[in-house]
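Worksheet for the structure shown next.
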Amino acid sequence: MKTFKLISLQMVEDNEVLDIPLHDGLIINKEDEKNRWLIEAYVDASFTDFFEKHFEQKKETFAQVVISKKENDPASFTTTILHMKKIDGHLSVLFEGYLKRTRNYAELLLSDLIERGFSGEELLNEFREKMVTRPKLASSSK
């Protein structure tokens, strides 16, 4: 098993990205035959209703996480919530996930910009700007 620092967490639902501010978190590659990962996010308790809905329904959700350094591309996971626990005004959420193989960030960004109608010089300028600012892309969950 390998453990990494969880830098950011976004939950994707109906092509909408919900940023979940982290107080702390980690992600573990179990390196098993099923390619499972464990994700633990320590978040504000205000997200309890959101996560309880998914936990109670045993609903599969898509998560985008950045691992180790904020400069890294987000990795997409199909997840289910295994356990939740309130701790001192916060919520610890334990997910089990499977890494989704996605195109790299540049391809996703270019696809997103084209879908939004950019072309020519305007496309090139937007692409350059967004490669620096690296906005979150809902299309990476597709």
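A few notes on this one:
- Scanning the range 39-60 for residues that are touching a residue at least 24 places away in the same chain (Cβ under 8 Å), surrounded by fewer than 19 Cβ atoms within 10 Å (Cβ to Cβ) and either under 11 Å from residue 6 (Cα atoms) or of a type in the set (Ser, Thr, Tyr) (or both) gives 40, 42, 48.
- Residue 34 meets all of the listed conditions (1) at positive phi; (2) open to solvent by 70 Å² or more (accessible area, probe 1.4 Å) but one, namely (1).
- Residue match in the range 82-101 (condition: in contact with a Gly (Cβ under 8 Å, 6 or more places away or on another chain) and open to solvent by less than 30 Å² (accessible area, probe 1.4 Å)): no
- Tabulated pairs, the range 2-30, first under 13 Å from residue 75 (Cα atoms), second of a type in the set (Asp, Glu) and in a strand (DSSP E or B), C-beta under 6 angstrom, 6+ apart or interchain: 10/19
- Qualifying residue in the range 13-28 (condition: aliphatic (A, V, I, L, M) and open to solvent by less than 20 Å² (accessible area, probe 1.4 Å)): yes
- Screening residue 73 against (1) open to solvent by less than 60 Å² (accessible area, probe 1.4 Å); (2) within 13 Å of residue 9 (Cα to Cα); (3) among the acidic types (Asp, Glu) leaves a single unmet condition, (1).
- From 20, 28, 39, residue being over 19 Å from residue 86 (Cβ atoms) and touching a strand residue (DSSP E or B) at 6+ places or on another chain (Cβ under 8 Å): 28
The values are calculated or read from the model by the stated rules, or taken from the named source; none is laboratory data. Predicted model only: the values in this text are computed from it and were never measured. When we count neighbours, we look across all protein chains shown, and the Cβ atoms used for this are built from the backbone with ideal geometry, even at glycine. Note: areas computed on protein heavy atoms with side chains; ligands, DNA, RNA excluded. Shrake-Rupley method; radii C 1.70, N 1.55, O 1.52, S 1.80 Å.
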